[in-house]
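Written out below as structure tokens is the structure these notes cover.
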Amino acid sequence: MAEEVVLLDFWPSPFGMRSRIALAEKGIKYEHKEEDLRNKSALLLQMNPVHKKIPVLIHNGKPVCESLIQVQYIDEVWHDKAPLLPSDPYQKATARFWADYVDKKIRSFSFSFFIYELGGRVWKTKGEEQATAKKELIETLKLLEKELGDKPYFGGESLGYVDVAFIPFYSWFYALEKCGNFSIEAECPKLIAWAKRCMQKESVAKSLPDQQKVYDFILEMKKHFGNE
Amino acid sequence: MAVVKLFGAWLSPYVFRVIWALKLKGIPYEYIEEDLSNKSPLLLQYNPIHKKVPVLVHDGKPVCESTVILRYVDEIWPQNPLLPADPYDRAVALFWIKFADDKSPIIAKLYRTEDEEQQAVVKEWLEMLEAMEEHVLIGGKKFCGGDEINMVDIAFCMIAHWLGVIEDAAGLKVFEPHKFPRVSSWIQNFKSVPIIKYNLPNTDKIVAYLKRRKEMLLTSKSN
């Protein structure tokens, strides 16, 4: 049976990037549909009526919502190639814990929320608020760096679930650094080394937008929402 | 035989999620009650990142975060499965579990917020109830899991038992049963399942605790 896979997406979304990477890792052919979040398509509203958000993975007409659920679904359905989750239940639990940690911490600190919810603390706020947000972000990144340890990837020898969950946010690092006036590499060199290692993989390189492009996008948004 | 330990707190819905899962699968475990105002060194050692309960320790190895624990338990002990076998159905179940997980910490705040902030919390509660009524329980299902409870039912446990106590402590009614007939039936059904029925925290005790906590928070705010 011919598999029909569609991804409703928005190019700067780290959540969309997760699914792009997973699909690429598995070599799945799919139709990529770019959404205009100020003018959401009828298809998006139909496929994700509860949250009305991207990404939405549509497999043979049936929608899967939430990026990490999509990654797990892709990993299960196309299980014969490039496994992302380990088979051992305890290692799987550890991977799920860290992916959940990324979601809880990174998103709430800085990577926000897109267009309508734009207002990540690092660039919107000034002064003390920004200093606090920066400090918390660095602490979070350092903890992740510690978890990585000496492994080439969070998944061990190959790209895994946590790598896929976290690497998309790397495309936002430059924008964060410029807006927050700090260097992530200076604070977390091993993490940046990990990120560059991931970027050498084709599935990651073609799924992440250029960092300058992301920065320009943020500046546009800031202007549009009168942040400057 | 591998030893299973569960670190918990008597009133936490997240802890009860794990208790129910272990009991549904017939897994014996040792329960360790934590005083959340004075956490044990062992808890902090097992959960250094979040420092929270529940923590499941299996064979000396800790698993943290209730949903991660539930999935782990379901995989290690496959009897009485808590998730559908089909990958697509499982993805849908996980979507609703995440939905409940995202809402739960917000809605808990009802008793200790006021004015605009409280109104925002009320809105979240109503969204959760509407989602359950219009999406999760569609088709007049007895449980979210169909004829038997599954992880989705367990994830929505706050509505079944903690909603009432939080409303009491807040002095505010959010849930109007006649507006949510499917949810009302589900609550009755869920709480009739023996493992749930005989494993629920005392509501009077929770209300008293929340009211005390609310007082403490208001006192410290005005100081």
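Only the coordinates and a few stated rules stand behind these numbers; no lab work does. These figures come from a predicted structure and were not determined experimentally. All Cβ positions, glycine included, derive from the backbone under ideal geometry; neighbour counts span all protein chains shown.
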Test item: Cα-centred dipole of segment B:1-130, Lys/Arg +1 and Asp/Glu -1 on Cβ, debye: 460 debye
Calculated FRET value between B:K205 and B:I27, using beta carbons and R₀ = 35 Å, to 0.05: 0.85
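Go through A:K146/B:K51; A:K190/B:K98; B:K141/B:K191; B:K173/B:K214; B:K5/B:K51; A:K104/B:K141 and tell me which ones have a Cα-Cα distance over 21 Å in this structure.
Beyond 21 Å: A:K190/B:K98; A:K104/B:K141.
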Residue order, fewest to most surrounding Cβ atoms within 10 angstrom, among A:F166, B:F180: B:F180, A:F166
Check: the protein assembly as shown dipole with +1 on Lys, Arg Cβ and -1 on Asp, Glu Cβ, in debye: 600 debye
14 Å Cα-Cα reach of B:K221 towards aspartates and glutamates, excluding residues that sit fewer than 8 places from it in its own chain: B:E114
Reachable aspartates and glutamates, given that their alpha-carbon falls under 17 Å from the alpha-carbon of A:K151 and they are not under 8 places away in the same chain: A:D163
Length added when fully stretched, B:E215-B:F175, from 0.36 nm per residue minus Cα-Cα: 12.0 nm
Given charges at Cβ of Lys, Arg, Asp, Glu: the protein assembly as shown dipole, positive-most of A:I28, A:G16, A:M221: A:M221
Sorted by Cβ neighbour density within 10 Å, fewest at the top, the residues A:K206, A:K53, A:K142: A:K206, A:K142, A:K53
Dipole moment magnitude, nearest 20 debye, segment B:6-50 about Cα centre, only Lys, Arg, Asp, Glu C-beta charged: 240 debye
Calculated from backbone phi, Karplus (6.51, -1.76, 1.60) coupling profile of segment A:200-205 in Hz, x at Gly/Pro: 6, 7, 4, 4, 7, 4
Cα gyration tensor category, rounded, prolate or oblate, for the protein assembly as shown with a/c compared to 1.5: rounded
Cα-Cα over 19 Å, subset of A:K178/A:K222; A:K29/A:K81; A:K142/A:K206; A:K105/A:K196; A:K142/B:K39; B:K52/B:K109: A:K142/A:K206; A:K105/A:K196; A:K142/B:K39
Residue order, fewest to most surrounding Cβ atoms within 10 angstrom, among B:R212, B:R71: B:R212, B:R71
